[in-house]
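Below: one structure, written as structure tokens.
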Amino acid sequence: KTQVEQSPQSLVVRQGENCVLQCNYSVTPDNHLRWFKQDTGKGLVSLTVLVHENDKTSNGRYSATLDKDAKHSTLHITATLLDDTATYICVVGDRGSALGRLHFGAGTQLIVIP
Amino acid sequence: EAAVTQSPRNKVTVTGGNVTLSCRQTNSHNYMYWYRQDTGHGLRLIHYSYGAGNLQIGDVPDGYKATRTTQEDFFLLLELASPSQTSLYFCASSDARGGNSDYTFGSGTRLLVI
């Protein structure tokens, strides 16, 4: 059963617009949540990590929130650039596992057009 | 620069063939992981290790073996490759469990089994 659901599955925006990506999960217990960016055919690059209830993080044009009660996170990208075209993957780590097992969402494919 | 390097980048083999995927990390991380990524799925954990000589079974281990020969090197072995193992394989390393972990992913190995 999929424990990390991302929406939308894909999204097209014009350069300069803002966008919001959603992540809902059922992983229990939930230790932390990460957002990764994956360029086509490349590895995953960490954008941010959220650990605590109601955490908010900011990394340049990327900002993220976490609501542990609702098991929900959002990733905001402001003033999108063409280079933001990528798949964005939400990952939840469970503290129940001895090795901090990661649960991956299938990703949101973002396409930024001129 | 600390990194995770995978080889080869691309591999084609025939059904029943023998394949070894290599991963080397220079992060001085204890933990290393092998994942596969398929369209419509999040990354799925095949095997992982928390040190040289250690091996743990992941979520989709069938048809795969792994070996951690040193702190730096983690290998994934497909002794009788099947078309269902056609996938994009990622190696990763991390320094600890939980939200403070530093996760680094390799660039991936694309395997085609014909």
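The values are calculated or read from the model by the stated rules, or taken from the named source; none is laboratory data. In this text the structure is predicted, and so the values were computed from the model without any measurement. Because the Cβ atoms are built from the backbone with ideal geometry, glycine has one as well, and the counts that use them run over all protein chains shown.
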### Message
Suppose the filter is touching a helix residue (DSSP H, G or I) at 6+ places or on another chain (Cβ under 7 Å), of a type in the set (S, T, N, Q) and away from every other protein chain (no Cβ under 12 Å); does residue A:15 pass it?
### Response
yes
### Task
Go through segment A:18-41 residue by residue and tally those that are polar (S, T, N, Q), within 12 Å of another protein chain (Cβ to nearest Cβ) and surrounded by fewer than 13 Cβ atoms within 10 Å (Cβ to Cβ).
1
### Message
Name the residue that is farthest from the other protein chains (Cβ to nearest Cβ), counting only residues in segment A:47-88 that are touching a residue at least 60 places away in the same chain (Cβ under 8 Å) and out of contact with any Pro (no Cβ under 9 Å at 6 or more places or on another chain).
### Response
A:79
### Query
From the set of residues in segment B:19-29 that are out of contact with any Cys (no Cβ under 7 Å at 6 or more places or on another chain) and crowded, with 17+ Cβ neighbours inside 10 Å, which is nearest to residue B:9 (Cα to Cα)?
B:21
## Note on the structure
Flagged in segment B:9-46 as of a type in the set (S, T, N, Q) and on the phi < 0 side of the Ramachandran plot, in numbering order, are B:10, B:13, B:15, B:18, B:20, B:22, B:25, B:26, B:27, B:30, B:37, B:39
### Selection count where residues are among the polar types (S, T, N, Q), within 30 Å of residue A:8 (Cα to Cα) and either part of a strand (DSSP E or B) or at pLDDT 95 or above (or both), scope segment B:1-43
1
### Query
Could you count how many residues in segment B:60-97 are within 25 Å of residue A:39 (Cα to Cα) and in a loop (DSSP other than H, G, I, E, B)?
3
### Complete set of residues in segment A:73-87 that are more than 10 Å from the chain's Cα centre (by Cα) and either surrounded by 13 or more Cβ atoms within 10 Å (Cβ to Cβ) or among the β-branched types (Val, Ile, Thr) (or both)
A:77, A:78, A:80, A:84, A:85, A:86
#### Entry: Only one of A:11, A:44 that is in contact (Cβ under 8 Å) with a residue 40 or more places away in the chain and either surrounded by 20 or more Cβ atoms within 10 Å (Cβ to Cβ) or within 30 Å of residue B:57 (Cα to Cα) (or both)
A:44
### Message
Looking only at residues that are within 13 Å of another protein chain (Cβ to nearest Cβ) and part of a loop (DSSP other than H, G, I, E, B) in segment B:44-59, which one is farthest from residue A:38 (Cα to Cα)?
### Response
B:54
### Query
Of (1) touching a strand residue (DSSP E or B) at 6+ places or on another chain (Cβ under 7 Å); (2) closer than 30 Å to residue A:5 by Cα, residue B:41 satisfies all except one. Which?
(1)
### Message
Restricting to segment B:87-114, and then to whatever is modelled with pLDDT of 90 or more and aliphatic (A, V, I, L, M), can you tell me which residue is nearest to residue A:49 (Cα to Cα)?
### Response
B:92
#### Entry: Qualifying positions in segment A:68-101 - among the polar types (S, T, N, Q) and either modelled with pLDDT under 95 or closer than 26 Å to residue B:92 by Cα (or both)
A:73, A:74, A:85, A:87, A:97
